[in-house]
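Below is one structure, written out as C-alpha cells; comments come after it.
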Amino acid sequence: MGPLLFIIYINDLSRHINYFTNVALFADDTSIDDTLILNTEKNYENLNQKVRLTLDCTSKWFKANQLVRNLMKTNIIKFYPSHFLHSQFLTELNSTTISEVPETKFSVMQIDNHFNWKCHIDRIMTKLSTAGFVIRQLFYILNLETLQMVYFAYFHSVVSYGIIFWGKATDSYKVFKL
C-alpha cells in the first residue's frame, strides 16, 4: 500500500484515542510501528490508566480494521531529565507485557528517554564510517561526478536526516568531524 493510501486508511485512528492522549502518525509502506502516542501526564497512576485506555482503544481499532499489531515491536518510552528518579513502567495487553525501554527506533532515528541523541549519533557514526570507507576505496576508480553521487546517496543523506533534532547535541561534533 502506498504512503498516501496508508495515511488515508489509518487517519481515523487518532479520533478514537484523542480523548486520552495526542497522536502523531508517521506512516511507511507496510506498518504503523512508528505511531507515536504523546502523553504529558505527571501522575504515575493517571499515566498508567491513560496508557491502558490508549492500548485498549487502539486494539479495538486494529481489530475493527482487520489489522494485527505486532506487540513484540510495541514500546513505551517515558521522557524525563537524567537527574530525575523514576519507576519502571510496565503494562499488559493481550497477556503480553509491554515494558518501558530506555531507547527506541522512531522512523529512522534512534531516540532515548533523555533526548541526548547519543544512541542515534553512535548509530549513524557506524553508517558514516562505512560510507567513508567505500568512498575512499572508490576514489581511485570513479570520476568526481560519480563520487559525488555516492557521497550524497550514502553519506550526506544519513547526516542530513533529522539534523534539526540532533544537530546541536553534545556528541554531534563527532559526526561533523567525521
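Put in order of Cβ neighbour count within 10 Å, fewest first, the listed residues I7, I76, I111 become I7, I76, I111. Averaging 1/r across all pairs of distinct Cα atoms in segment 116-177 and inverting the result yields a Kirkwood radius of 12.2 Å. What is the sum of charges, Lys and Arg at +1 and Asp and Glu at -1, for the other residues whose Cβ falls under 14 Å from the Cβ of I135? In short, +1.
Which of the lysines could be linked to K63 by a straight reach, that is with a Cα gap under 29 Å, when you skip same-chain ones fewer than 8 residues away? By straight Cα distance, K63 reaches K50, K73, K78, K105. Here segment 75-178 yields Rg over Rh of 1.14, to two decimals, using C-alpha coordinates and the Kirkwood radius.
Efficiency by 1/(1 + (r/R0)^6): what FRET value for K168 and N65, r their Cβ-Cβ distance, R0 = 30 Å, to the nearest 0.05? Write out the running numbers ahead of the final one.
Details: r = 40 Å, r/R0 = 1.32.
E(calc), rounded to 0.05, equals 0.15.
Read-outs throughout are calculated quantities, based only on the coordinates presented, and are distinct from any laboratory measurement. Everything quoted here is computed from the prediction, not taken from an experiment. Methodologically, a virtual Cβ is constructed for each residue, glycine included, from the backbone with ideal geometry; neighbour enumeration extends over all protein chains shown.
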